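The structure appears right after this line, and notes come after that.
The values are calculated or read from the model by the stated rules, or taken from the named source; none is laboratory data. These figures come from a predicted structure and were not determined experimentally. Backbone-built Cβ (ideal geometry, glycine too); neighbour counts: all protein chains shown.
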Amino acid sequence: MKKVFLTFIVILLIVGLLWLVSSSRTFQLFGKIVNRVDTDKKVVALTFDDGPAKGVTDTILEILDKENVKATFFLKGKELEKYLDEAKNIALNGHEIGNHSYSHKRMVFKSMDFITEEIERSNKLIQKAGYNGTIYFRPPYGKKLFMLPYFLSENNITSISWDIEAETHLDKNATPDEISKYVVKHVKPGSIILLHVMYPSRINSLNAVPLIIDELKGRGYEFVTVSELLNEERLIL
């Protein structure tokens, strides 16, 4: 009986450890993952997950253009196929496009064939949209474990997570002002801000964007793409 109990405890510990690794914003088993950059310079990256979407993509692009801000969009391949013109507008407006998988399924305990198809299929669509820059990857739901990090490492692809996720920590009905205040309170030089703005249910997040930009600009922050942010990383000698 004691042996069974100890075995059960060990299994629980292993499962708990795997869950922590799969959910970590700062660690993965292979390759490079970045959730923020170590810098004293007041720069932040504004990133948007999901989409593109009809209508909403144009709205967020108008907001960014009015504020003279460049952002990074992590797009889903399935949505790229439907709304390629919207993705083309993102690229034409000088924003960065990242890969958020094709199907947005959790990429844990998936085969290498599945992972390869998800990433390469979406990369081709991103390039078809006219984007020619470095394509970073953001795992759906931030989940990764063995095969995904290994594939990314072997293909020299950096995982981009985040250190500010207001939507996760606030009530689902949080107002634009509450979302903005959360971001402003927790931001620091080198932060990567995650927001979802592409769907009707995310209207408060969309309306929070100009508030966030104005508040952080007023505090001396500059908005940059993920690539530009990575260039600001302090070298450790």
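Go through (1) of a type outside the set (K, R); (2) farther than 27 Å from D40 by Cα; (3) assigned to a helix (DSSP H, G or I); (4) in contact with a strand residue (DSSP E or B) (Cβ under 8 Å, 6 or more places away or on another chain) one by one and return the number of the condition S227 breaks.
Condition not satisfied by S227: (2).
Out of region 55-73, which residues are of a type in the set (S, T, N, Q) and surrounded by 20 or more Cβ atoms within 10 Å (Cβ to Cβ)? Write out each step before concluding.
Narrowing region 55-73 to residues of a type in the set (S, T, N, Q): 57, 59, 68, 72.
T57, T72, listed by residue number.
Would a scan of region 151-169 turn up a residue that is over 24 Å from T26 (Cβ atoms), in a loop (DSSP other than H, G, I, E, B) and charged (D, E, K, R)?
Kept after step one, since they are over 24 Å from T26 (Cβ atoms), are these residues of region 151-169: none.
Within region 151-169, not a single residue is over 24 Å from T26 (Cβ atoms), in a loop (DSSP other than H, G, I, E, B) and charged (D, E, K, R).
Among the residues of region 80-100, is any within 22 Å of I193 (Cα to Cα), loosely packed, with under 15 Cβ neighbours inside 10 Å, at pLDDT 95 or above and out of contact with any Leu (no Cβ under 6 Å at 6 or more places or on another chain)?
yes
Might you check whether a residue that is touching a helix residue (DSSP H, G or I) at 6+ places or on another chain (Cβ under 9 Å) and farther than 27 Å from L92 by Cβ occurs anywhere in region 116-132? So that I can check it myself, show each step before the final result.
Quick first cut of region 116-132, residues touching a helix residue (DSSP H, G or I) at 6+ places or on another chain (Cβ under 9 Å) only: 116, 118-119, 121-126, 128-132.
If we keep only those that are farther than 27 Å from L92 by Cβ as well, we get 116.
Checking region 116-132: at least one residue is touching a helix residue (DSSP H, G or I) at 6+ places or on another chain (Cβ under 9 Å) and farther than 27 Å from L92 by Cβ.
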